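The structure under discussion appears below in the form of structure tokens.
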Amino acid sequence: METIKRIGVLTSGGDAPGMNAAVRAVVRTAIANGLECIGIRRGWQGLINCDFVQLTRESVAHLLSRGGTVLYTARSEEFMTEMGRQKAVATCRMLGLDGIIAIGGDGTFRGALELSRLGVPVVGIPATIDNDVGCTNYTIGFDSACNTAIECIDKLRDTMQSHERCSVVEVMGRSAGFLALYVGTAVGATAVLVPEHKVDFERDVVERIRASRLAGYTHFMVVVAEGAGNAMDIGQKIHEALGISPRITVIGHIQRGGSPTGRDRETATRMGYYAVQSFVEGRGNCIIATQEGSIVEIPIEEAMKMEKHLQMDRYRIMEVMQFGNGQLHER
Ligand code: F6P
């Protein structure tokens, strides 16, 4: 890669707490290396529309603790087309952008890969509350979203316990169960339904609530990943099987908002730093990932072929915490 002078940074796909911290780190690292940094607003669509903002050291002050993304975000249909991408390349030429840092999830990186094939160097920073990007152990926003959902469920538990009720709580995660399993384990859920584990309703829900009741509990918490089913339907089936009337809560977009946790701020800062360094040191065309706690750089073509699976030992641990090997534990 030739010496670079100016880079663009954008956020794309669903927002995630910590995206702003990553933007701040990119801008400050760029400036420290004598590079100019241009913010592209509204994700890939902004690159098509030449929708940009100048970013300075000062303009990214106070961003570390802010949720959402000040660059706005979008899911661009147009960028999925060859013509859309050609327009994006034209914007890069017009603005003199030597590379793009794209902050987002899988969809964002598929776009980045296509752009790199058209000759625009890219670096991806994984940020999604779903934690479902194959090449990285961790995505920015996951910890914050888990903590938000945990806080909501802790509050729900107070009222469920007082009224001796069953609660069915749906959490996000797209087609993955990382968020649901983490949250379910952290709140000591009676049952957790994830798409990666084929649900046997009688065994995984009815029997677990029944066993819990037999152990003396009078309130129950069922956590459902959105990819594993609909909380309303599950509540109805519980009613039909056990004669109780569960209350349904879909936590929804609250999980995506709020100030990022320390883990997300710190990870976003390191990832932003290494993303710029990749360009500065003449590489690019990669995804910045975490593997066993360290930050690594994976060539984008290779990264997009990598898969990540829910660790089923964690599912087993969640189960054991409630009833061991089918045996009831003390309350
Ligand atoms: O990818 C993040 C995510 O919040 C998923 O968990 C969820 O399925 C999806 O985005 C919701 O998308 P939207 O905000 O477009 O409704």
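The single condition among (1) within 19 Å of H219 (Cα to Cα); (2) among the β-branched types (V, I, T); (3) more than 16 Å from the ligand (Cβ to nearest atom) that V169 does not satisfy is (3).
Give me a count of the residues in the range 173-227 that are within 18 Å of V320 (Cβ to Cβ), assigned to a loop (DSSP other than H, G, I, E, B) and within 16 Å of the ligand (Cβ to nearest atom). Result for the range 173-227: 3. Where strands (runs of 3 or more DSSP E) sit wholly within the range 238-301, those with at least 2 residues that are touching a strand residue (DSSP E or B) at 6+ places or on another chain (Cβ under 7 Å) and open to solvent by 50 Å² or more (accessible area, probe 1.4 Å) occupy 247-250, 294-299.
Set side by side, the residues S59, S12 differ, and just one is within 24 Å of S278 (Cα to Cα), among the polar types (S, T, N, Q) and within 16 Å of the ligand (Cβ to nearest atom), which is S12. Only residues that are surrounded by fewer than 24 Cβ atoms within 10 Å (Cβ to Cβ), at pLDDT 95 or above and either not hydrophobic (A, V, I, L, M, F, W, C) or not in a strand (DSSP E or B) (or both) were counted in the range 1-52, giving 19. Residues in the range 54-79 that are part of a strand (DSSP E or B) and either in contact with a His (Cβ under 8 Å, 6 or more places away or on another chain) or farther than 21 Å from P17 by Cα (or both): Q54 only.
When each of L181, L95, L156 is tested for being buried (at least 18 other Cβ atoms within 10 Å of the Cβ), out of contact with any Asp or Glu (no Cβ under 9 Å at 6 or more places or on another chain) and either more than 22 Å from I295 (Cα to Cα) or among the charged types (D, E, K, R) (or both), the lone residue that passes is L156. Residue selection: V123 fails the criterion of being more than 16 Å from the ligand (Cβ to nearest atom), within 20 Å of T269 (Cβ to Cβ) and in a loop (DSSP other than H, G, I, E, B).
The values are calculated or read from the model by the stated rules, or taken from the named source; none is laboratory data. Please read all numbers here as calculations on a predicted model, not as lab measurements. All Cβ positions, even for glycine, are placed from backbone atoms using ideal geometry, and neighbour counts span all protein chains on display. Just the protein is used for accessible areas: all its heavy atoms, side chains included, with ligands, DNA and RNA removed. Shrake-Rupley method; radii C 1.70, N 1.55, O 1.52, S 1.80 Å.
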